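Structure first, then comments.
The values are calculated or read from the model by the stated rules, or taken from the named source; none is laboratory data. Because the structure is predicted, anything quoted here is derived from the model rather than measured. Quick reminder, even Gly has a Cβ in these numbers, built from the backbone with ideal geometry, and neighbours come from all protein chains shown.
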Amino acid sequence: MKKLLLSIIVVVLSSWALIAQDDKGHLSAGFETNTTYYLDDKGTGAIAPEGKFGSNNYLKLDYTKGGFSVGGQLEAYLPPILGYYGLYGGTEQGDMFYRFDIYASFVRKGWDIRVGSLYEQFGSGILFRTYEDRALGINNALQGVKVGYTFGDFLTIYGIYGRIRDVKSYSNAMASGADLNFSISRLAKMDDFDLSIGASVLDKYETYGEFSDVDQNPHTLGYSARLNMGYKGFQLSGEYVSRKADPAFYNHLDTTGTQSIQVDFGYSGNGFGGLVTFRKLQNPFFLGLRNQSEDNWSYTYINYVPALTQQHTYSLASMNPYTPQADELGGQVDLFYNFKKNTVLGGKKGMKIHGNFSTYYGGIYDMNLGVYGDSELLFRDLTVDVERWFGKDVKMILYYTWQTYNSATVAKATDDCRLWNSHTVIADVTYKINRKNSLRLELQHLYTKEDHKNWAAALLEYNLAPRWSISVQDMWNYGDTKKHYVNGSVSYSYNKVRAALNMGRFKEGYLCSGGVCRQTPAYTGFNLSLVIML
């Protein structure tokens, strides 16, 4: 496989070099570092790792000429920051390592050909998705070949074949598949009506090895079918996914296979918008490698199963985010309305009101019995927020969320407390001092009788546009531990450079992106984030 990839890359680059003799093309580069110096903190129990240092670094280079592109990414973990040790497959605390991925591609006259690292998605991603999210530590790119072709503007079809990434290196497990998208409305030249269909097929090839008590067929085959319809402001879409069983430790040797369905109905127009989503999942997660440890599972999936709930950005509202379950039935309703400017409710700049309700039910796996329990409430969230300007200088956001969280979904339940109910109220006020200077105050309060009980939080942020931002905040658990988590930050932006320094005490919790979360440990110290784009 390596020799085949190298040969194809040499051919592509040779052709590109001949064509590019009279054109210098375009070179782009990007560098990012996330570096932390840790301190011991007796107050929270946070212990600095050996060496008291963690640093995740990324250097990306891309060169484009016409339809040809070539590039690569170097990753250096010197060593990984806390929360990534379990991620990197047996990496000991303090270990350093590097990764390097390259690609070459050709996109012209309907053709889309790529060799090397592949980032692709079939449909919504429930069947297959490879992508990079540095904040979460996810980079599950395939190493292989993609060949696609677009007929006119109505039909796109492509196939992929490649090795599955084992975080630090590429494994011998293979993934191959094809995806098709066909726009009937474009072919028929319909003006007001949108109608399209899609279909995908994916096969993972991996020998079972140590799993001697399960089906020894190394192929795990899956399919998906999609339908999308739109008329003026209305949109209806649906996807059905079926996949053969892939019994392994991560799914408790489940032999029932996968059945997933998702339906979305939305409308947008006249200041109003709404989306209703229904989803049913049965054993949806698809691990690239069966022999991964529990700490690595979240990082080596080759599909994408996000939480379809309100994505909270405020710290107390996101204390216990929902994570999708292997047995899940539910959905969400998301509504918003924009009141017009220069009206009684809208004021001079208008007012936005938004509401979201999500709820999910399902059975939770009992490790002792080895079976899924009866269906029960897994998660419920009702969120309402209002944004309005008062005059031209003051903007206020009022935010409320009521959550019911089943702690058994993350193995935190106790005999006397399974469902955690919380109410969180937030006021977020921004005052524009002048054209460049602004001050923002954020006040939060979380009330609950469960977990660690009540929390309060406050943040004060000063912005000097377009360069500087300075903030200080405190999260205080006054209901149980009586601990304060005080930290501050300074950030600077100039052209394509952004630097941020964060310092202080940081609470353990979850870092979420796009409905996917990873658990982060508590730490005290200094963190430098630097991004340079050229």
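Table for the structure above
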read-out	value
One residue from Phe249, Phe286 being crowded, with 16+ Cβ neighbours inside 10 Å and either at pLDDT below 90 or in contact with a Lys or Arg (Cβ under 8 Å, 6 or more places away or on another chain) (or both)	Phe286
Per-region count, the range 373-386, residues surrounded by fewer than 18 Cβ atoms within 10 Å (Cβ to Cβ) and either assigned to a strand (DSSP E or B) or in contact with an Asp or Glu (Cβ under 6 Å, 6 or more places away or on another chain) (or both)	6
Residue within the range 195-215 that is in contact with a Phe, Trp or Tyr (Cβ under 9 Å, 6 or more places away or on another chain), loosely packed, with under 15 Cβ neighbours inside 10 Å, assigned to a strand (DSSP E or B) and modelled with pLDDT of 90 or more present	yes
When residues of the range 53-80 are limited to those that are of a type in the set (A, V, I, L, M) and in a strand (DSSP E or B), the one farthest from Arg114 (Cα to Cα)	Ala76
Candidate set from the range 425-450 (those that are part of a strand (DSSP E or B) and among the aliphatic types (A, V, I, L, M)); member that is farthest from the chain's Cα centre (by Cα)	Leu439
Filtered residue count, the range 430-472, keeping only those that are in contact with a helix residue (DSSP H, G or I) (Cβ under 8 Å, 6 or more places away or on another chain) and under 25 Å from Gly391 (Cα atoms)	0
Scan of the range 315-345 for residues that are without any contact (Cβ under 8 Å) to a residue 40 or more places away in the chain and not in a strand (DSSP E or B), ordered by number	Lys341, Asn342, Val344, Leu345
Matching residues, the range 237-277, being part of a strand (DSSP E or B) and of a type in the set (A, V, I, L, M)	Val241, Ile261, Val263, Leu275, Val276
Any chance Pro306 is within 30 Å of Pro521 (Cα to Cα), out of contact with any helix residue (DSSP H, G or I) (no Cβ under 6 Å at 6 or more places or on another chain), modelled with pLDDT under 95 and surrounded by fewer than 21 Cβ atoms within 10 Å (Cβ to Cβ)	yes
Val386 vs. criteria on the phi < 0 side of the Ramachandran plot, modelled with pLDDT of 95 or more and among the β-branched types (Val, Ile, Thr)	yes
Sole residue being farther than 30 Å from Asn34 by Cβ, touching a strand residue (DSSP E or B) at 6+ places or on another chain (Cβ under 7 Å) and not aromatic (Phe, Trp, Tyr), chosen from Ala173, Ala141, Ala178, Ala188	Ala178
Residue in the range 155-178 that is farther than 22 Å from Leu118 by Cα and either among the basic types (Lys, Arg) or out of contact with any His (no Cβ under 6 Å at 6 or more places or on another chain) (or both) present	no
Positions within the range 130-153 being surrounded by fewer than 20 Cβ atoms within 10 Å (Cβ to Cβ) and either in a strand (DSSP E or B) or modelled with pLDDT of 95 or more (or both), in sequence order	Glu132, Asp133, Val145, Val147, Gly148, Tyr149, Thr150, Phe151
Complete set of residues in the range 387-411 that are surrounded by 15 or more Cβ atoms within 10 Å (Cβ to Cβ), among the charged types (D, E, K, R) and more than 23 Å from Phe357 (Cβ to Cβ)	Lys395
Residues (crowded, with 16+ Cβ neighbours inside 10 Å, out of contact with any Leu (no Cβ under 6 Å at 6 or more places or on another chain) and within 24 Å of Thr309 (Cβ to Cβ)) located in the range 222-235	Arg226, Asn228, Gln235
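Let's see how each residue does on (1) under 21 Å from Ala457 (Cβ atoms); (2) in contact with a Phe, Trp or Tyr (Cβ under 8 Å, 6 or more places away or on another chain); (3) at pLDDT below 85:
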| site | (1), (2), (3) |
| --- | --- |
| Phe336 | no, yes, no |
| Leu345 | no, yes, yes |
| Ile364 | no, yes, no |
| Thr424 | yes, yes, no |
